[in-house]
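Here is the structure we will look at, set down as structure tokens.
Any read-out appearing in this document is the output of simple, stated calculations on the displayed coordinates, not a laboratory observation. No experiment lies behind these values; they were computed from the predicted model shown. Cβ coordinates were reconstructed from backbone atoms using ideal geometry, including for glycine residues, and neighbour counts include every protein chain displayed.
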Amino acid sequence: MRHYATVDGGEDNPLPASSGSILKKTATDNLRKLRIESGLDYVGFEIGGRHLDYAPDLNLADIRRQLDAHAGVLDKTRVVVACDPIVDVALEVGFNLFLSVQFGEDYEWKPGGANSAGTVVIDPDHRLQKISAILLDVFQDVMIANSPSIASVIANYRASGRSMKDFYALKAEFAREAVAAGAGTLFERYEPTQYAAFSALARKDLYQSMTQGERSGLARCWIEFLNAKLVDCFLTAEQAARLVRSEAFRTTTAPRVDGSGPKTNERTRRGFLRERDLVALFRDRQVVHEAGSYVLCIVNRPNGPGIDQMSAFFDRSPGGAIRPLKLCSGRQYDKMKDFVREGWVTPVRLFLQEAPRGGRP
Amino acid sequence: MTAYIGIADLTVRLSSMNPLNLIDVNGANAKLEQRTITACRHVYDKARDDTEKRALERFGIVREGAAAKYFELKDPALCREFLIKLRSALLQDALPFKICVRLGELTRTTLRDQWKDVMSAAKSGEEPAKSAALKALSDQFGVVDATRIETLFDLYRASSLQDDGAQLSLDFEAFKGLGIALDVGPSDPIHTIGAGTFRNHYPVRRRMNAFDPVEYFDLLFVDEPDDIVERFIGTEFTNGSDEEEGPTSDGVTEEVMPAGMGSIIDQVFLLLSRSVAADPAHAGFYISILTTLVRSGSYRALTYLSRPEGGSGRRRASGWQKAPPIFGAVLTRRKNLAILTKIVGIELVVGSLVDEVYSAVAGQPSSAAAVRTGDNAGEVEAVKADDRMQRLVKTIHAAYGPTWLRKVLNLPEAVLSPERKRVLLAVVTAP
């Protein structure tokens, strides 16, 4: 569960505190399609809203104190929405606030202060759309970053002794570079220094649902960012195999009894994949010839429907049965999308290190 | 001195509104208190200058009420802030509440103060006054002995309710709805409490299927022209042609903005479904808040598309576009309609919707406006010719069945004016 906090302003109330479910629904709608199109997974979570009391000169210390009154809310709050500017004061313990949103004359993304990683200023024109858009972007981005494939790269990054703050700064740097290289944003001024949401970068208009173009832009943003800035943290073959076999991607094949077990559309079990098969695949220099992003496509039911259509794209074992695994490069994955959409294939986006010389083990 | 006095209370304490115990009453009481305090704080922060602040500090806002909160505010603008703030906070917490406001005075006198003159007259007054005083004392207290009455004053320490306070309690009992009911004098409510006042109705059941609409003044939510729902179809998943007619439900994404009223409407329907689960008759209490939401929507941009529109990026779905979130909630969402169509008095909501769409098409204030001017003939013709009214009639017909028209035509003038009823009839009977 993640939270946003909204400052009560009576009639100027910028955002109801009860809108979390709408945000979640829209975000997961978008990300479900993103998963099919790019193999980038996501972790959906509840989004909660918190009231903050209005005060003429609200500062972050006040906000921190108010949020601290609720157990577990402070650490999980990502955005504060207020009408008036929030005074950023240095606190001893900073909290993990991504953005503060406030009203002003222009539509801009400003550098953050001591305790917030950025400030988004919203002008009166299409105010509601702009608030909705920025909140969706932040939470959507958190959902993507929490997906096991990206989270595992971030875990390697942190294991090398660097902090999340550095990671967010890298994101902001990448976003600035992308904009300098010609990627457009809707902001009149765009100067993130400590945090940037890639969803905001991919956005072409203020609508909540993403178009296909926006989704591919978002996927490209994340993949290029990881390739450009975090290539040293990509997974080894063993790490990737463990990830694919791990609980993060699991669901069991247990039957549904009393509502337990996997629900419709839940991921199918991949525990049956043998580790050495996966490791062999990830060490194949024919495929993993350089560090980068690949999509592991797993056939859900090797003797299930659609097998005839798929047989052209998957290898066969000497016995003639289809091999249920294929590691695709980005372009190869395009051909798999239709199977993923049908539910025949499960895609797992993986960021892999270059396979070691010496070929298969 | 006259001021705005009011009561705010939750309706869940009445077992009829919460028979399934879906709302934790103690928690709800605590929340009501918190939200009332927030509203007080908000009003204090909104006070324009130090004089106003000093006045608030001196007299206070919430006077009494362990359960129901009795409040008093002298300034109309601040009273308005208080009401709007409290309403939005309670709705976001999904708490059913009602607030009644009238002009008057919540009392500050104790029994002792109130009877001071009578007591002194009984002790030492002239003869006719003295016997009258003694009689009054005997009527009220049963005894005339001064010492005994002093003891009674000690025993009964509650402040004595004046007429206004008692009337307020009666208003509160009588108001069978959710939301704000203003009884701010017969003259001109706009000048007393501010813009956004309109005539609303709540139904009082007369027989099984008949009700009497009772008129009262209500406050609109703030008007946000941008708070509209747009509906798109994904180009990537549909291979249908542009020729398809009529709304398609498959693959249509409704864009409800989190920053708009959408989530508050969801909360109202959540409460409604709970109340109906307990007893369908309770649904009538929700007519008032539904009407308020319908009247607060922005219909200026409302359009109807008979076929999908747009190119490769975004395609607008056919059907209603750019409607406020409440429009879809009361007209097209099947889950809601299953409840709404059975409510006795729902025509108050449907009638308001027709009136609001008419007002938007004609560019006229609504029939419920506190001060109304008649429609002129040119606009009537324009409305008759407008496609949206015909489409609206068809949509309502599909949602509420053929009897809606007769019911709507029977509504009071302040829901749908007689001219508008005539136009509606002309639209329905148009070839």
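Counting only DSSP beta bridges with both residues in chain A, the antiparallel share comes to about 45 percent. Within the straight-line cut-off of under 20 Å between alpha carbons, the aspartates and glutamates reachable from B:Lys421 are B:Asp212, B:Glu215, B:Glu347, B:Asp355, B:Glu356, B:Asp375, B:Glu379, B:Glu381, B:Asp386, B:Asp387, B:Glu413, sequence neighbours fewer than 8 places apart in one chain being disregarded. Between the stretch B:382-396 and the stretch A:150-202, the C-alpha centres lie 50 angstrom from each other.
Note on A:Lys24: lysines with a C-alpha under 24 Å away, same-chain residues under 8 apart excluded, are A:Lys33, A:Lys76, A:Lys130, A:Lys171, A:Lys204, A:Lys263, B:Lys322, B:Lys335. Shielding of peptide B:265-274 by partners, expressed as the average count of other chain Cβ atoms within 10 Å per residue Cβ, is 1. Here the mean projected area of the convex hull built on the C-alpha positions of chain A is 20.2 nm². Oblate is the label for the stretch B:253-371, because the ratio a/c of its alpha-carbon gyration tensor axes (a ≥ b ≥ c) is 1.5 or higher and a/b is not greater than b/c. The mean sequence distance of close C-alpha pairs (under 8 Å, at least 6 residues apart), as a share of the length of chain B, puts its relative contact order at 14 percent. Here the relative contact order of the stretch B:1-124, from alpha carbon pairs under 8 Å that lie six or more residues apart, stands at 47 percent. The order of B:Thr292, B:Thr332, A:Thr236, B:Thr429, going from fewest to most other C-beta atoms within 10 Å of their C-beta, is B:Thr429, A:Thr236, B:Thr332, B:Thr292.
Were the residues from A:Asp284 through A:Arg32 laid out at 0.36 nm apart, the gain over their Cα-Cα distance would be 87.7 nm. If you take every DSSP beta bridge whose two residues both sit in the protein assembly as shown, what share of them, in percent to the nearest 5, is antiparallel? Of those bridges, close to 65 percent are antiparallel. Highest-first packing order for the peptide set B:267-276, B:400-409, A:300-309 is B:267-276, B:400-409, A:300-309, based on the mean count of other beta carbon atoms within 10 Å. Bridge orientation summary for chain B: considering DSSP beta bridges with both residues in this region, about 90 percent are antiparallel.
The mean sequence separation of alpha-carbon pairs under 8 Å and at least six residues apart, normalised by the residue count of the stretch B:348-431, gives a relative contact order of 44 percent. Among the residues of A:207-213, the average count of other protein chain beta-carbon atoms within 10 Å of the residue beta-carbon is 6. In this simple spin-label model, placing a label point 7 Å from the Cα along the Cα-to-Cβ direction at both B:Ala136 and B:Leu170 gives a separation of 2.1 nm. Spacing of the modelled spin labels on B:Thr147 and A:Asp315, each 7 Å from Cα toward Cβ, amounts to 11.1 nm. Legend: ranking of residues A:Phe45, B:Phe82, B:Phe59, A:Phe98 from fewest to most surrounding C-beta atoms inside 10 Å; resulting order B:Phe59, A:Phe45, A:Phe98, B:Phe82. Shape class for chain B: prolate, because the ratio a/c of the largest to smallest gyration tensor axis (alpha-carbon atoms, square roots of eigenvalues) is 1.5 or more and a/b beats b/c.
Counting only other chain Cβ atoms within 10 Å of each residue's Cβ, the peptide A:14-24 averages 6. Normalised by 2.2 N^0.38 Å, where N is the number of residues, the alpha-carbon radius of gyration of the stretch B:325-364 equals 1.26. Does the stretch A:45-126 come out rounded, prolate or oblate by the C-alpha gyration tensor, with a ≥ b ≥ c the root eigenvalues, rounded set by a/c under 1.5 and, if not, prolate when a/b is larger than b/c and oblate if not? Since a/c reaches 1.5 and a/b is larger than b/c, the shape of the stretch A:45-126 is classed as prolate.
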